[in-house]
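Participant: Questions regarding the structure given below will be posed in turn.
The values are calculated or read from the model by the stated rules, or taken from the named source; none is laboratory data. The shown structure was predicted, so the numbers you read here are calculated from the model rather than taken from an experiment. Neighbour counts run over all protein chains shown; Cβ positions are idealised from the backbone, glycine included.
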Amino acid sequence: MQRQLYLLVIKELINMKKVVRNVLIKPDVKGLEYEEEAALPLLPLGLDFSRPWHNSFIQARNQIRSNLHILHPTMKTLLDFGCTALSTFLIVDFSSFRLKGPVDLESLKTDVSLSCSKAEEKILNTWYQRVVSLFTQKETLKGVKLDQVDSFYNCVSTLMSNQLKELLRRTVEAFVKLFDPEDGNCLLLFKMELTLDENKMEFYPSFQDLEEAILFIVNRIGQTLQNIQTVRSWLMGGTTTLDTELPNHVITWATSTLKKSIRDNLEGPKEYFENYVERYGWLVDGTAQARIERFEAEEHSFDEYTAFIDEFFTLKKEILSLPEMAYFPMISLNCEDLKQGLANNADTFAKMLLDRTVANHREESKEICREFEAIKERALKVPETTEEMVEARAYIKNVKTKGIQELLIRIKERYRQMDYFLDVFLFAPEDIALNAAVLLWPKKINPIFDEHDDLIEQSKRKGEQELIQKCEKLMVEIDKLARSVAEFEEYSELDCMQQYVADLRALQKRIQEADETVAVINKEEILLEWQLSEFPLLSNLKVEIEPYQKLFHLILKWQKAEKRWMDGTFLELNGESMEAEVDEFFREIYKASRLFQQKKKKIQQELKKTTQHRTAEEKAEEETNPTVTMCSSVLEQIKDFKENIPTVIIFCNPGMRARHWEQMSNIVGYDLTPDSGTTLRKVLKQNLAPYLEEFEAISVGASKEFSLEKAMRAMMETWGSISFNTSVYRESGIHILCAVDEIQAILDDQIMKTQTMRGSPFIKPFDKEIREWESCLIQTQEIIDEWLKVQAQWLYLEPIFSSEDIMQQMPEEGRLFQTVDRHWRDVMKYCVKDPKVLVATSLVGLLEKLQNCNELLDKIMRGLNAYLEKKRLFFPRFFFLSNDEMLEILSETKDPLRVQPHLKKCFEGIAKLHFLPNLDIKAMYSSEGERVELISTISTSEARGAVEKWLIQVEDNMLKSIRDVIARSRMGLKDYYDKLQLQLNDIVELVRGKLSKQTRTTLGALVTIDVHARDVIMEMIESGVQSETDFQWLAQLRYYWESEEVRVCIINCNVKYAYEYLGNSPRLVITPLTDRCYRTLIGAFYLNLGGAPEGPAGTGKTETTKDLAKALAVQCVVFNCSDGLDYLAMGKFFKGLASSGAWACFDEFNRIELEVLSVVAQQILCIQRAIQTKLETFLFEGTELKLNPNCFVAITMNPGYAGRSELPDNLKDFLECASECCVRHNVQPVKAFLEKMIQTYEMMIVRHGNWYLQAIPML
């Protein structure tokens, strides 16, 4: 309280000094400007030094003495008690903690809690008892007034609280001092362990537990002495306690100090732990496991395995050799658990690899034993054949020279591996037995080889005896075959040909068996290494029997064919094929006859050489060969049969019909019509040779008639497999025709063929049929044409009239379409049921039904076009959309949200609208995401489904909202005026920073405008512009706010700002050439004329026109012209321009055909005259339109050019453009950059003869 009074007095003195100095300073008063101001006196001279305040001071001092209880003697005694009992006492004595050595956290917490309890008990029994005894004495309250007793006891409680708080504070400070980094001797030493639990290396207890335990001591000290009663409460029997809670700043200080000390002292243990993790962490984090899995998945040698195993064993020894304890200033770290865990992991991994290696060793040993067993089994097996004997001998020979050597090398490797395993692995008894067996096999195998040699020798002797017997038996069989073949020379009876063929086959089978026996004998001879036996007689027999085999089979085949032809069904004969077969028989038998004759001559010549004297009978026998005689007989039969073939060709013509047989019957005078019993033999008996010439003429005519009939039937049969291809239309379940081109091509081809056939003289017998077929094809073609026409229009209209909104707005057309749709569904249902073309088109009345549908569809299309024209007249921006785009919009009237994707087609700057939950429109968004609130909310429900009604409201609100934004921004221009000079530099600084996409676009447009404005102002300053009537000023594009509207002025033109929302889009670079284009185009617009920028491609004609429209806030529709445009499409476009007041830029206008251009010129002239006469409505192409005089037409043309050799216009335009690009894209310094750009463009012109304004920002 005294301190507060002192501070108050000092503050008043300071304030008084300030007042006095202010009074002595020369005032700012008119007339004293020339008075000299003297220095202020160091001492307050001339002030009053009387003591009017002395009485109040005496009064205040007396009041303090009567109310300030601290001056009471009892209080002094109380302070003495506290000083005596508490000044050297601490709640916990930390001096001996370091001497105890490393302490466990739980033990430390328990010891501190116990010390706090004992200290609290001691204070209550000593100091507190003395204080209570003091206040039980009567003299204690001496001099204290009755009304001051409460405040007196409050003062006592405050003193006691302060004494106890001081005790707690000193205890906390003593504990915190233990962690003083400058005095490490007192620092407590804590027990900690490094543990490995579930493959996780960690501290126990954790650092968090350590920190919590240390901070627990602070909190536990703070919790001591919190329930001590005040003296008044103890005397009166109350429950009020002293306020002994530690101040927050003390706890905060202690906590932060201890945490910092803990962090600092844990750096050493952390680093020690990180060393463990770095060196051995891969044993527990899965790296070692993965490494082993990769190692085992690959092919590795035994030495590589042992090296890997030894690596783990070495690691285990290294880990176990590490120190068990690590000592740090505050931590005693036990690492035994972690060491054992890591060593066990290393040992486990080593055993994993060792087990795999032992398994490989065991498997290899078993494989060696299996191979020795296989050798033993093969060596002791008795061969049953010569081939087996030779194979066994070769096998054992190979084993002795190569196999055993390889096995010995493998056994040596087993021995080497066993030597390693004996040091690191304990073999099971079965493994020991297996290892012993592997090592003993080389000694056991030699006796087995000796026994094998004896078996082979016995088998060889047996095989040789059997082979000799086979050869002798075969020679006997070959002699028998030779005698049988010689008997074939005597075969000459044609009636026994069937038996001859059977004998021949039996003999061929015996020869084949003998041939197989020869192969077996030769094979065994090769195996026994004998010289191969030859049997030339057997080879001769095969050669001799072959001609007989061919001849006998050929004669038998001829006999069967002749029987079939002569006695078979007469009408089934085919003269042409018979003639070909007979000729073939004749050729083959003649060749066989010649072969036997040559063979006979050769034998005779050989006999002449051997025997000179022969009897006449022997010579006669040699000259007559029965086989040759038999061939001659057969050839004579064939010649006789060939004379009957013309008869067969005439009578067995497939074109012969009953009328032809009737003509033939009339010639001979009796019925010749064949029946099922007629045969060639019977026909030949009738002796019809004299009439064959007449019959031939009739047969030829029948053939030609038959070919025509066959062609007609083929065309008819073709349609049996031709069907309409159909596919399901979307998900409606209705089928539609597809891939009809092939059917139409077949129809065209067959109609042409049918008409050609009708002109043939042989078509008369079936003239009626061919005419009916022609009519059927023509009708089918007409039906398909009508069908496809209906389908094309139905596919176009079906999605349109599927919309309930369209059906409500066009009820009459909807009713007509429902009729067409019903017919269409019936037709397609019938077609899908049987899709064959002739069946599907044979539906009664199908052609008339399709023609009726086409008439109805034409009416619907006329109504639809009239409906769309009506909507376009109501909302003129629809003129810029195609019919399909308009119908997409108009079909979504119930849900305004579904119109969103089409908004960009109507409004250049609006990408989407913000709809409220009740579908009212609140705001609009640009493509860049800029949001603009509409001046009023638009209700789509009030339009009742009429999209064009609320779209025209959107247009009106858009214009009003943009006007409102401009009006509100004008009100802030005065406040912003002082900042205009630094605006450009500030924007450049902003561009250098991180900006959103929208903000950067906005700043880019501002830079474009500001740079141009800066340069224009500099020009005007240099030109000395003084008046607003100077041309330099009038030539600039200027904006004025007049009569609550924005007006745009340039030269003498004053046009209205259109307020079209165009989004947050960039601006085109403004150059002096751009200004000239602006002046020209606005002048043309002001005079109700059109604009026509002309120049090379890429120089900015279209973009300049669009940018001027953007400067006037007008919608500008760019239309790319082509030579396919007609006057109707252009007329529709002009209707939209005149009604909506938009601008149009027809790009490459000179590509339109000259004939169309003449009509277009008349259309433009019609609009311009209506604007000049200031009509509100006018007649255009037969349609009355509402005129918006803000419309404007500009065209661009690219002249024919071969290239350019210098920069267009002048270098200044280029520098203007490049300078703005530099600023916008933060290129510094500008001048040096521009010099490089000029050099670049000069090189481009030299090399390519061209340049493009559009390339500057990209460069």
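Participant: Provide a single number: the residues in the range 918-951 that are more than 38 Å from the chain's Cα centre (by Cα), farther than 26 Å from Ser803 by Cβ and surrounded by fewer than 20 Cβ atoms within 10 Å (Cβ to Cβ).
Facilitator: Selection size over the range 918-951: 4.
Participant: Continuing with this model, one more query. Do the conditions hold for Gln779, that is, is it at negative phi and modelled with pLDDT of 80 or more?
Facilitator: yes
Participant: Let me ask you something else. If you go through the range 1007-1021 one residue at a time, do you hit one that is more than 30 Å from Ala911 (Cβ to Cβ), more than 51 Å from the chain's Cα centre (by Cα), acidic (Asp, Glu) and not in a helix (DSSP H, G or I)?
Facilitator: No, because not a single residue in the range 1007-1021 is more than 30 Å from Ala911 (Cβ to Cβ), more than 51 Å from the chain's Cα centre (by Cα), acidic (Asp, Glu) and not in a helix (DSSP H, G or I).
Participant: Right, next: Quick one: Lys904 ticks every box in (1) within 30 Å of Thr1001 (Cα to Cα); (2) among the charged types (D, E, K, R); (3) touching a Leu at 6+ places or on another chain (Cβ under 8 Å) except a single one, so which number is it?
Facilitator: (3)
Participant: In the range 1142-1152, what residues are modelled with pLDDT of 85 or more and not in a strand (DSSP E or B)?
Facilitator: Ala1142
Participant: Kindly state which helices (runs of 4 or more DSSP H) lie completely within the range 792-887 and contain at least 3 residues that are exposed (fewer than 15 other Cβ atoms within 10 Å of the Cβ).
Facilitator: 811-833, 846-874
Participant: Give the residues of the range 1066-1104 that are buried (at least 18 other Cβ atoms within 10 Å of the Cβ) and among the polar types (S, T, N, Q), sorted by residue number.
Facilitator: Thr1071, Thr1074, Thr1099, Thr1102, Thr1104
Participant: Condition test on Trp253, is it of a type in the set (Phe, Trp, Tyr) and modelled with pLDDT of 90 or more?
Facilitator: yes
Participant: In addition: Condition (residue is in a loop (DSSP other than H, G, I, E, B), at pLDDT below 85 and in contact with a Lys or Arg (Cβ under 9 Å, 6 or more places away or on another chain)) applied to the range 1096-1106: is it met by at least one residue?
Facilitator: Yes, there is a match, as at least one residue in the range 1096-1106 is in a loop (DSSP other than H, G, I, E, B), at pLDDT below 85 and in contact with a Lys or Arg (Cβ under 9 Å, 6 or more places away or on another chain).
Participant: Applying the selection to the range 1019-1064, what residues are among the aliphatic types (A, V, I, L, M) and touching a Gly at 6+ places or on another chain (Cβ under 6 Å)?
Facilitator: The answer is Leu1062, and nothing else.
Participant: In the range 211-325, which helices (runs of 4 or more DSSP H) lie fully inside it and hold 2 or more residues that are outside the structural domain of Val149 (by TED's automatic domain parsing), crowded, with 16+ Cβ neighbours inside 10 Å and of a type in the set (A, V, I, L, M, F, W, C)?
Facilitator: Result: 287-297, 302-320.
Participant: Give all pairs with beta carbons closer than 8 Å in which a residue from the range 187-211 that is farther than 21 Å from Val103 by Cβ meets a residue that is in a strand (DSSP E or B) and β-branched (Val, Ile, Thr); count only pairs at least 6 apart in sequence or on separate chains.
Facilitator: Met201/Thr195
Participant: Still on this structure, please answer the following. Quick test of your reading of the structure: Glu371 fulfils all but one of (1) at pLDDT 80 or above; (2) in contact with a Phe, Trp or Tyr (Cβ under 8 Å, 6 or more places away or on another chain). Name the failing condition by number.
Facilitator: So the condition that Glu371 fails would be (2).
Participant: Let me ask another. Could you list all residues from the range 640-680 that are loosely packed, with under 15 Cβ neighbours inside 10 Å, free of Cβ contacts under 8 Å to residues at least 40 places away in the same chain and of a type in the set (S, T, N, Q)?
Facilitator: Selection gives Ser665, Asn666, Thr673.
Participant: Could you run through the range 1036-1090 and say how many residues are assigned to a loop (DSSP other than H, G, I, E, B) and in contact (Cβ under 8 Å) with a residue 60 or more places away in the chain?
Facilitator: Residues in the range 1036-1090 being assigned to a loop (DSSP other than H, G, I, E, B) and in contact (Cβ under 8 Å) with a residue 60 or more places away in the chain: 20 in total.
Participant: Continuing with the same structure: Out of everything in the range 379-399 that is basic (Lys, Arg) and loosely packed, with under 15 Cβ neighbours inside 10 Å, what residue ends up being farthest from the chain's Cα centre (by Cα)?
Facilitator: Lys381
Participant: In the list Glu544, Glu524, Glu588, which residue meets the criterion of being without any contact (Cβ under 8 Å) to a residue 40 or more places away in the chain, of a type outside the set (Phe, Trp, Tyr), touching a helix residue (DSSP H, G or I) at 6+ places or on another chain (Cβ under 7 Å) and not in a loop (DSSP other than H, G, I, E, B)?
Facilitator: Glu588
Participant: Looking at the range 941-952, I want the residues that are farther than 16 Å from Leu903 by Cα and have a partner that is in a loop (DSSP other than H, G, I, E, B) and not small (Gly, Ala, Ser) with Cβ atoms under 6 Å, at least 6 apart or on another chain. Which pairs are those?
Facilitator: Correct list of pairs: Gly945/Thr893.
Participant: Mind telling me which of the residues Ser115, Ser133 ends up being among the hydroxyl-bearing types (Ser, Thr, Tyr), under 30 Å from Phe190 (Cα atoms) and in the same structural domain as Ser206 (by TED's automatic domain parsing)?
Facilitator: Only one candidate passes the filter, namely Ser115.
Participant: Among the residues of the range 1120-1154, count how many are surrounded by 15 or more Cβ atoms within 10 Å (Cβ to Cβ) and either within 20 Å of Pro1096 (Cβ to Cβ) or of a type in the set (Ser, Thr, Tyr) (or both).
Facilitator: 12
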